[in-house]
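Reading through the structure tokens given below for one structure.
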Amino acid sequence: MLKRLIFYLVNKSPNSVRRIILIFSDISLISFVYFLGTELLKQSFNINYYFLLLTISVPLFLITGQYKAITRYIDNNFLYLISLRILSVLVLIEIISKIYDIKSVKIALLIFIWVFISISLAFVRALFKNLFSFIKNSKIQQTKIAIYGAGEAGNQLLASLKLDKRYKTIY
């Protein structure tokens with residue numbers, strides 16, 4: 001039954017369901033990292049800062065397109081964008097906390113939040129992408145292909161066939 005549910009989420013569900021899954025995973029990861037940071041760095045839990053972190057990060061992620069697709073190509077630019085989004089959220093929170101006289105957190109916790117939220121969000125995106133592509137491609141019948149004597153064009157063909165899971169290259 002779990003396999004059927006995951007298969008439905010991968011193949012048949014609309015993008016809004018996938019987006020909701022990503023939003024809930026981001027909220028839980030941000031909460032976990034904030035709680036972990038306050039405990040490890042022996043700082044007091046600031047409920048106002050925590051709510052600012054959640055209420056600014058999710059809408060900013062929505063506006064900047066972080067929830068467009070789970071199966072996006074993940075490269076260095078994607079990792080830089082996640083890190084830049086988290087940094088901009090933290091800067092916005094600091095500006096708002098200065099304007100409205102909300103007690104801010106120490107710089108060590110800010111750095112901890114920035115690094116670990118960036119790492120955890122990138123890891124979860126990569127995990128979802130690999131899980132979904134594994135489930136999606138597990139039902140595909142693979143055609144075996146041999147490339148012989150094609151030189152550089154054969155290398156290009158091999159690279160493109162590796163991306164397409166319908167074909168299995170044999171040397």
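The values are calculated or read from the model by the stated rules, or taken from the named source; none is laboratory data. Everything numeric here is computed off the predicted structure, so don't read it as measured data. Because the Cβ atoms are built from the backbone with ideal geometry, glycine has one as well, and the counts that use them run over all protein chains shown. These accessible areas exclude ligands, DNA and RNA; they are computed on the full protein's heavy atoms, side chains included. Shrake-Rupley method; radii C 1.70, N 1.55, O 1.52, S 1.80 Å.
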- prompt: To the nearest 10 square angstrom, what accessible area does LYS162 show with a 1.4 Å probe?
  reply: 120 Å²
- request: Name the residues whose placed amide hydrogens come within less than 5 Å of the amide hydrogen of ILE145, ignoring near sequence neighbours (fewer than 5 apart) on the same chain.
  value: LYS168, THR169, ILE170
query: THR64: accessible area at probe 1.4 Å, nearest 10 Å²?
result: 60 Å²
- line: Against the 2.2 N^0.38 Å rule of thumb, the C-alpha Rg of region 78-139 sits at a ratio of 1.55
query: Rounded to a whole number, what % of the accessible area of region 47-171 do carbon and sulfur atoms account for, probe 1.4 Å?
result: 65 percent
task: Would you mind computing, in nm to one decimal, how far apart the modelled labels at GLU94 and LEU60 are, each placed 7 Å from Cα along Cα→Cβ?
output: 1.1 nm
Helix-only CD estimate at 222 nm, as mean residue ellipticity for the chain, using -39500 (n - 2.57) per DSSP H run (n ≥ 4): -24500 deg cm²/dmol
task: Please report the base-10 log of the normalised intensity I(q)/I(0) for the chain, using a Debye sum with one equal scatterer per alpha carbon and no solvent, at each q in 0.15, 0.16, 0.19 (1/Å).
output: -0.90, -0.97, -1.19
task: State, to one decimal in nm, how far the label point of LEU157 lies from the label point of ILE21, with both points 7 Å from Cα in the Cβ direction.
output: 3.6 nm
field: Cα-based Lys proximity count in the chain, under 18 Å, for pairs eight or more positions apart or on separate chains
entry: 24
- prompt: Looking only at TYR34, TYR100, TYR49, which one moves most when the chain is put into a Gaussian network model with springs between Cα atoms under 10 Å?
  reply: TYR100
